[in-house]
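Each remark here refers to the structure printed beneath this line.
No value in this document is a laboratory result; all are computed from the given coordinates. This structure is a prediction, so every number in the text was calculated from the model and none was measured. Note that each Cβ is placed from the backbone with ideal geometry, even for glycine, and that neighbours are counted across all protein chains shown.
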Amino acid sequence: MRTPPFTARTLFIAPLLALSLPSQTTTAVPCTRDNTLYESSTGSFSNAIGESLFVGVTALGLKRRALLRFDLAAALPTGAVVLQATLQMNVLFSGAPQSTTMTAHALTQAFGEGTSYAIAGGGGMGAPTTVGDATWTQAIHPNQAWASVGGDFAASPVGSIELPVGGICSGTLDAAVVQGWLLQPAQNHGILLKTAEQLPLDRARRLDSRENPTGQPQLLVTWLAPGQTAPWGQGCPVGGGVLTSAFLGAPLGGTSIAITHANATANSIGANFFALSLDPLGTQLAPACRTWLPLAGPLFPGDIFVTDAAGTAASAFALPAGFPGRLISSQAAVLDGSALGFALGNANVLVLQ
């Protein structure tokens, strides 16, 4: 079904009728608790307030795993919808020959941070356990044991980081999991970081802890508030530029919001597609061309539109009523002569108000 005609003039006047709030915010959430698990059958070692964390396997074959917790509820406003979360850390030292992969796993039990302070070997051997510490055998010493030694965590990772021999590293965490920490703080037990724990690539790394004056772990969270819209990613190449799309208007449930398109193939046909989530990293379909909608989730086609001789077009999207706080993402596809047969615009996201 063809969309009722919208003109560029009408759409540029639209802000006078409905205030648009394009805005996305990135908040650096500090680590509020951390510790290292030192493999030990007796659980005698910890490093609650030391300046380093350890991940991997020592030269003697002993495992090291890091624990971190970020207080999302204290850092983000009520109603915020998480678009992307990136864990950033700093590797101080490693005897490994090259980089390896470190995975992040959601903890299923809270962990402790007592007063142990490991100094020898930069903290790599741990310090005697104190009351309140997390150890290889106990989540909180001395009375709360892990169900499984080495920590209780979900087997499927919520993210991964390419762990260098030294320097800053980062990787994205599952935005849905981070959103859950915001909505249900009592279920936010933090994450456990580990490698495949195989030598030599997984030789233990020493990383900055939250107690270090510089290089502390942080979670960079990009979010929207209800009533806000934002572009995401970049569109595919078209001619000398890229296909762009934008929401125009306020995302009020039960009303319509305009979607404008520019630099598309002239006199062609396109369509908008919608999803209830966003793939922040995107999936590459061709060089410099990605889909930012999650291909594993349901996609909903919108109305068809026709581009004019300048490669511009506009359409409208009827926003559902009764779902405040719901995230909706959109991306346009326009037929062209490329190898794919179409070009995609950048994505746009909104949170209903």
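Brief remarks on what is shown
- Over the stretch 106-261, the Kirkwood radius and the radius of gyration, each from Cα atoms, give a ratio Rg/Rh of 1.10.
- Rounded to whole Å, the principal axis extents of the Cα atoms in the stretch 114-177 read 33, 30, 16, largest first.
- In terms of the mean number of neighbouring beta-carbon atoms within 10 Å, the peptides 159-166, 89-96, 72-79, 345-352 order highest first as 345-352, 89-96, 159-166, 72-79.
- Each residue of the stretch 167-179 is assigned a 3J(HN,Hα), and the resulting list reads x, 5, 9, 7, x, 7, 9, 4, 4, 5, 5, 5, 4 Hz, derived from the Karplus form 6.51 cos²θ - 1.76 cosθ + 1.60 (θ = phi - 60°), x at Gly and Pro.
- Förster-model FRET efficiency, 30 Å R0, residue 255 and residue 299, C-beta, rounded to 0.05: 0.85
- Over all projection directions, the Cα-based convex hull of the stretch 25-224 averages an area of 10.0 nm².
- nm² value of the averaged projected area, convex hull over the Cα atoms of the stretch 276-351: 6.0 nm²
- More than 13 Å apart - percent of Cα-Cα pairs taken over the stretch 247-311: 73 percent
- Once backbone amide H atoms are built at 1.01 Å from N, residue 228 has 351 as its partners under 5 Å, excluding neighbours fewer than 5 places away on the same chain.
- Compared with the direct C-alpha span, the chain from residue 74 to residue 154 gains 26.4 nm at full extension, assuming 0.36 nm per residue.
- According to the calculation over all Cα-Cα pairs in the stretch 193-258, the P(r) per 10 Å bin from zero is 14, 21, 20, 19, 23, 4 %.
- Estimated 222 nm signal from helices in the chain, with DSSP H stretches of n ≥ 4 weighted -39500 (n - 2.57), rounded to 500: -1500 deg cm²/dmol
- Compactness of the chain was expressed as the Cα radius of gyration divided by 2.2 N^0.38 Å, which yields 1.19.
- Normalised by 2.2 N^0.38 Å, with N the number of residues, the alpha-carbon radius of gyration of the stretch 150-238 equals 1.39.
- Calculated FRET value between residue 286 and residue 199, using beta carbons and R₀ = 30 Å, to 0.05: 0.15
- With 5 Å bins from 0: P(r) over the stretch 21-72, alpha-carbon pairs, percent: 4, 17, 21, 19, 12, 8, 7, 5, 3, 2, 2, 0
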